[in-house]
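Enquirer: First the structure, then my questions, so here it is.
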Amino acid sequence: MRVAVIGGGWAGLSAAVHAVQRGHRVSLFEMAPQLGGRARSLDNGLDNGQHILIGAYVETLALLATVGVDTGEAFLRTPLRLRYPQHEGLALPAGNALIAFSRGVLACRAWPLSARVLLLRAALGWLTRGFRCAQELTVSELCTRLPAIIREQLIDPLCIAALNTPAHQASASVFLRVLKDALFSGPGSADLMLPRRPLSGLLPEPARDWLHRHGAQIELSRRVQSLDELDDFDAMVLATTSVEAARLAADRAPEWAALAQGLRFEPIVSVYVESPGTVLPAPMIALQGEPAQFVFDLGQLGHASGRFAFVVSGAREWVERGLDVCAQQTLAQAAEALCWNTAPTLIKTLAEKRATFACVPGLQRPPMRIASHLLAAGDYIEGPYPATLEGAVRAGRDAVEALV
Ligand SMILES: Cc1cc2nc3c(=O)[nH]c(=O)nc-3n(C[C@H](O)[C@H](O)[C@H](O)COP(=O)(O)OP(=O)(O)OC[C@H]3O[C@@H](n4cnc5c(N)ncnc54)[C@H](O)[C@@H]3O)c2cc1C
């Protein structure tokens, strides 16, 4: 088939690579001058926000391997470790997931023994119920019986990192699914995988080169205005953002477009700072207080040394208060929480207002199939995951599988 892929983010790249592997003739149209969408590098040498992958991202890791990326070299891979500035939080040993979780929790001295036991009891309950719960529950409601220290030092940071939605608004059933796949699946699925390359060097550029080598056409700086432009293709994969997909599909599938249009979003603010000579106690540090939840030492990840990325997820309130306020508060938080060799100074504050859809209870997400030869791919498509790279890559693969 002649397949048009519209959008060159991670979902579109996944769709294009899988379509080529299936023997289709692929043309990819991307409106930006470069590939990668939300997970790309910027001209100023920074990424469009720090991204974390985990060992459970099996489809993403397989796609990276397909396009020739040595994932052993491209990531700093470590067992899950929530390190705070002054103390260790949960750190999982390697090995069988269930045993590793139990051993990690029991060994976590930052929490009273009674709290550790209550967490293990709650986890056992989630396990015996198959990690399922009522659709309308929020994460806070799910965890209401857990001690405050567990909610503050484990549930809230995991929830905001994975769902980009604060625990009191986030969907408990999606959260449980993430816990199941990350913490309670095969060995290594909870591993943190921190990119050692700029984001564009991770997938977008290797995928571009692979697609060129395999005869696919890539048109950059080409915004598809209407699907009618591509009617001579046998099939189309709509791999744009949900807002743009709703606009493009409105004539052909108004009900589908209404679902896509109905999604609400959560912003992420990234605050990049510089402090020559500073090395943090770990490449990734969890923070208490506001606004940032995590800071990454980019020097330890093989990028510029003395450069740090603070991540403010679920950042609606900070976007409303203004990015300057957010940046100043982050610098104040940084000065208070961490030891710096030289006072940290601001490099850049980036705000992605539509970083991810708000992953709230009972959310109805648009299905993959729009019409018979029109499929949608993107991190927002109906599925078990929140908006993540893995969700996007899976959606791209699934759309191509559904073309047959
Ligand atoms: C700051 C930030 C931090 C994040 N952190 C993480 C993380 O740590 N881990 C994780 O798993 N996920 C993270 N995410 C989420 C992840 O980036 C997204 O889930 C993923 O990139 C979505 O990919 P996508 O292909 O579905 O959409 P997009 O990346 O939005 O791609 C859509 C593409 O379509 C193009 N396009 C739109 N309209 C048209 C048109 N009409 N014609 C042609 N092209 C068009 C766009 O230019 C874009 O390139 C983060 C996101 C942000 C913003």
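Enquirer: As an exercise: evaluate ILE285 against (1) in a loop (DSSP other than H, G, I, E, B); (2) within 21 Å of the chain's Cα centre (by Cα); (3) of a type in the set (Val, Ile, Thr) and give the number of the one condition it does not meet.
Expert: Only one criterion in (1) in a loop (DSSP other than H, G, I, E, B); (2) within 21 Å of the chain's Cα centre (by Cα); (3) of a type in the set (Val, Ile, Thr) is unmet by ILE285, namely (1).
Matching residues to (1) farther than 30 Å from ASP398 by Cβ; (2) in contact with a strand residue (DSSP E or B) (Cβ under 7 Å, 6 or more places away or on another chain); (3) aliphatic (A, V, I, L, M):
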residue: GLU266; (1), (2), (3): no, yes, no
residue: LEU280; (1), (2), (3): yes, yes, yes
residue: ALA292; (1), (2), (3): yes, yes, yes
residue: SER305; (1), (2), (3): yes, no, no
residue: VAL311; (1), (2), (3): no, yes, yes
residue: GLY322; (1), (2), (3): yes, no, no
residue: LYS348; (1), (2), (3): yes, yes, no
residue: ARG365; (1), (2), (3): no, no, no
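Enquirer: Does ARG365 satisfy being of a type in the set (D, E, K, R), assigned by TED's automatic domain parsing to the domain that holds MET236 and assigned to a helix (DSSP H, G or I)?
Expert: no
Enquirer: Could you check region 84-108 and list, in sequence order, the residues that are assigned to a loop (DSSP other than H, G, I, E, B) and farther than 25 Å from ASP297 by Cα?
Expert: GLY95, ASN96, ALA107
Enquirer: Additional query: For region 147-172, give me each residue that is among the β-branched types (Val, Ile, Thr) and touching a Phe, Trp or Tyr at 6+ places or on another chain (Cβ under 7 Å).
Expert: ILE149, ILE150
Enquirer: Next question, about the same structure. Here are some residues: TYR385, TYR380. Which one is of a type in the set (Ser, Thr, Tyr), closer than 18 Å to VAL237 by Cα and under 19 Å from the mean Cα position of the chain (by Cα)?
Expert: TYR380
Enquirer: Quick check on LEU13: is it of a type outside the set (S, T, N, Q), at pLDDT 95 or above, in a loop (DSSP other than H, G, I, E, B) and near the ligand (Cβ under 9 Å from one of its atoms)?
Expert: no
Enquirer: Further question on the same structure: Being in a loop (DSSP other than H, G, I, E, B), more than 6 Å from the ligand (Cβ to nearest atom) and modelled with pLDDT of 95 or more: is that true of GLY8 here?
Expert: Spelling it out, it is not the case that GLY8 is in a loop (DSSP other than H, G, I, E, B), more than 6 Å from the ligand (Cβ to nearest atom) and modelled with pLDDT of 95 or more.
Enquirer: So, one more: Could you list, in sequence order, the residues of region 26-42 that are within 19 Å of THR388 (Cα to Cα) and either within 6 Å of the ligand (Cβ to nearest atom) or out of contact with any strand residue (DSSP E or B) (no Cβ under 8 Å at 6 or more places or on another chain) (or both)?
Expert: Within region 26-42, GLY36, GLY37, ARG38, ALA39 qualify.
Enquirer: Here are some conditions: (1) within 24 Å of HIS303 (Cα to Cα); (2) within 16 Å of the ligand (Cβ to nearest atom); (3) touching a Gly at 6+ places or on another chain (Cβ under 9 Å). ALA56 meets all but one. Which one does it not meet?
Expert: Just one mismatch for ALA56, condition (1).
Enquirer: Can you spot a residue in region 260-280 that is part of a helix (DSSP H, G or I) and modelled with pLDDT of 95 or more?
Expert: yes
Enquirer: Looking only at region 392-404, count how many residues are among the small types (Gly, Ala, Ser) and either without any contact (Cβ under 8 Å) to a residue 40 or more places away in the chain or over 21 Å from ALA257 (Cβ atoms) (or both).
Expert: Number of matching residues: 1.
Enquirer: Between GLY45, GLY23, which is more than 12 Å from the ligand (Cβ to nearest atom), surrounded by fewer than 21 Cβ atoms within 10 Å (Cβ to Cβ), among the small types (Gly, Ala, Ser) and modelled with pLDDT of 95 or more?
Expert: When all the criteria are applied, what remains is GLY23.
Enquirer: Continuing with this model, one more query. Would you confirm, using the coordinates I've provided, whether GLU401 is part of a helix (DSSP H, G or I) and either more than 13 Å from the ligand (Cβ to nearest atom) or closer than 30 Å to ILE6 by Cβ (or both)?
Expert: yes
Enquirer: Go through region 196-255 and count every residue that is free of Cβ contacts under 8 Å to residues at least 40 places away in the same chain and within 25 Å of the chain's Cα centre (by Cα).
Expert: 2
Okay, residues lined up against (1) in contact (Cβ under 8 Å) with a residue 24 or more places away in the chain; (2) within 21 Å of PRO195 (Cβ to Cβ); (3) within 15 Å of the ligand (Cβ to nearest atom):
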position	(1), (2), (3)
PRO291	yes, no, yes
ALA304	yes, yes, no
ARG354	yes, no, yes
GLY383	no, no, yes
GLU390	yes, yes, yes
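Enquirer: Next question, about the same structure. Would you be able to say whether some residue in region 36-53 is of a type outside the set (D, E, K, R) and more than 30 Å from LYS348 (Cα to Cα)?
Expert: No, every residue in region 36-53 fails to be of a type outside the set (D, E, K, R) and more than 30 Å from LYS348 (Cα to Cα).
The values are calculated or read from the model by the stated rules, or taken from the named source; none is laboratory data. Here the structure is a predicted model, which means the values were calculated and not measured. Please note: Cβ atoms are built from the backbone with ideal geometry, for glycine as well, and neighbour counts cover all protein chains shown.
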